[in-house]
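Written out below as structure tokens is the structure these notes cover.
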Amino acid sequence: MKPHLSERQMSEWSLGERSPEVERHADGCHSCRARLIRNGQALAAFRQSARQWSERELGAADVWAVEKARPWMMSGSLRWACAVAAFVLVFGGVSVVRRNHPPAPPDSAVADALLLKQIDTDVSQAVPDSMQPLLTLVSWNGAQSN
Amino acid sequence: MAAAQLTAGDIAAVAPACVEDFASVAIACRPRVFRYALASLRDRDAAETVAQDCLIRACRGWDRFRRDSSIETWVMQIAVNLVRDRLRNRKIRFWKRVQETAVPAEAIAASFADGAGSAESQILLKEQVQAVWEAAGNLPERQRTVFLLRFVEDMELLEIAAATGMKEGTVKTHLFRALKAVRARLGAQA
């Protein structure tokens with residue numbers, strides 16, 4: 001009885017190195033033939049499974065990359081950070097603007113200010129309007145005499 | 001770990017006349033590099049990082065490519081080195097992370113679909129696929145590398161030798177050992 005195929009011969013078969021001697025043995029030995037077929041099927045299925053898995057994952061990776069590139073597809077924490085930043089910018093900006101540009105006074109305040117200015121002017125006069133030219137003359141003359 | 005990005009500077013480093021060549025090579029090689037990295041690391045994110053890093057290195061080293069092997073083999077050589085570095089880089093404990101995040105053989109086999117055969121033969125085939133994935137996962141690094149390059153990527157022994165930097169005889173020895181381990185696992189499963 002011929003010995004079964006060695007591990008080396010099995011490996012060579014799997015690598016496609018099929019000598020006539022091994023083929024003759026495989027034709028006559030049911031056990032070795034079954035092993036060779038099972039190994040071949042398993043390796044082919046393994047290759048197929050690796051390729052299927054890779055194609056599936058590569059597609060998923062591409063989808064992930066596209067979603068990552070979309071500016072509006074942000075994570076929850078990033079969305080919250082942006083919302084807080086926008087809030088700070090809007091309300092902080094408003095307060096800064098107010099500080100640099102005080103609000104315009106209302107019309108009544110403007111009228112009051114004009115009236116106050118007129119009163120100040122009137123009170124500050126030393127003599128009535130009718131005597132104002134005389135006062136000027138006197139002062140002027142006094143200054144001249146000095 | 002975030003993948004490095006291909007910058008405009010990297011592209012500019014490629015001679016203008018070669019940009020189209022590189023683009024076509026990158027498009028053609030990316031699925032293969034990704035597949036090899038995925039089968040080796042069993043982690044989609046890690047495989048994606050390796051694929052991207054591999055193309056960046058190929059882009060940066062385009063001028064240094066001596067064309068003593070095919071472009072595909074050269075790119076696979078870069079991929080093999082990157083996967084090896086990742087597995088060996090203990091500083092960032094990548095291997096530990098990979099082991100934690102690696103997809104189990106059972107899950108890979110469960111998702112395998114082969115249209116032919118009865119339900120019973122489908123179950124048997126999935127069990128065989130699972131056994132091979134388990135055996136491949138337990139192989140030493142070099143044996144696993146040559147096994148995957150041969151039985152996933154269909155590379156010839158000389159191509160594997162060029163991609164791994166081993167002699168053809170060494171590649172064959174590693175393949176024989178890997179196949180023996182796989183047969184032992186299949187025998188135990190049967």
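The values are calculated or read from the model by the stated rules, or taken from the named source; none is laboratory data. Quick caveat, the model's predicted, so the values are computed rather than measured. Virtual Cβ from ideal backbone geometry, glycine too; neighbours counted across all protein chains shown. Accessible surface areas use protein heavy atoms only, side chains included; no ligands, DNA or RNA. Shrake-Rupley method; radii C 1.70, N 1.55, O 1.52, S 1.80 Å.
Table for the structure above
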item	result
Cβ-based net charge around B:V50, under 13 Å, with every Lys or Arg adding one and every Asp or Glu removing one	+2
Where labels lie 7 Å past Cα in the beta-carbon direction, separation of B:N81 and A:R56 in nm	3.3 nm
Segment A:31-45 and segment B:48-81: distance between their alpha carbon centers, rounded to Å	35 Å
Local net charge near B:S69, Cβ-Cβ under 12 Å (Lys/Arg +1, Asp/Glu -1)	-2
Gap separating the Cα centres of segment B:171-190 and segment B:99-169, nearest whole Å	11 Å
Charge context of B:I160, other residues only, Cβ under 13 angstrom, K/R +1, D/E -1	-1
Ranking by accessible area, most exposed first, for A:R18, B:R64 with a 1.4 Å probe	B:R64, A:R18
Heavy-atom accessible area, 1.4 Å probe, ligands and nucleic acids excluded: residues of segment A:1-31 down by at least 20 Å² from chain alone	A:E7, A:R8, A:S11, A:S14, A:L15, A:E17
Chain-alone versus full-assembly comparison, segment B:101-129, residues with accessible loss of at least 40 Å² (1.4 Å probe)	B:S111, B:F112, B:Q128
Solvent-accessible ranking of B:W133, A:W13, largest area first, probe 1.4 Å	A:W13, B:W133
Rounded FRET efficiency, nearest 0.05, which uses the C-beta distance separating B:T173 from B:F65 and R0 of 35 Å	0.75
Protein accessible surface hidden between B and A, which excludes ligands and nucleic acids, total in Å², probe 1.4 Å	3300 Å²
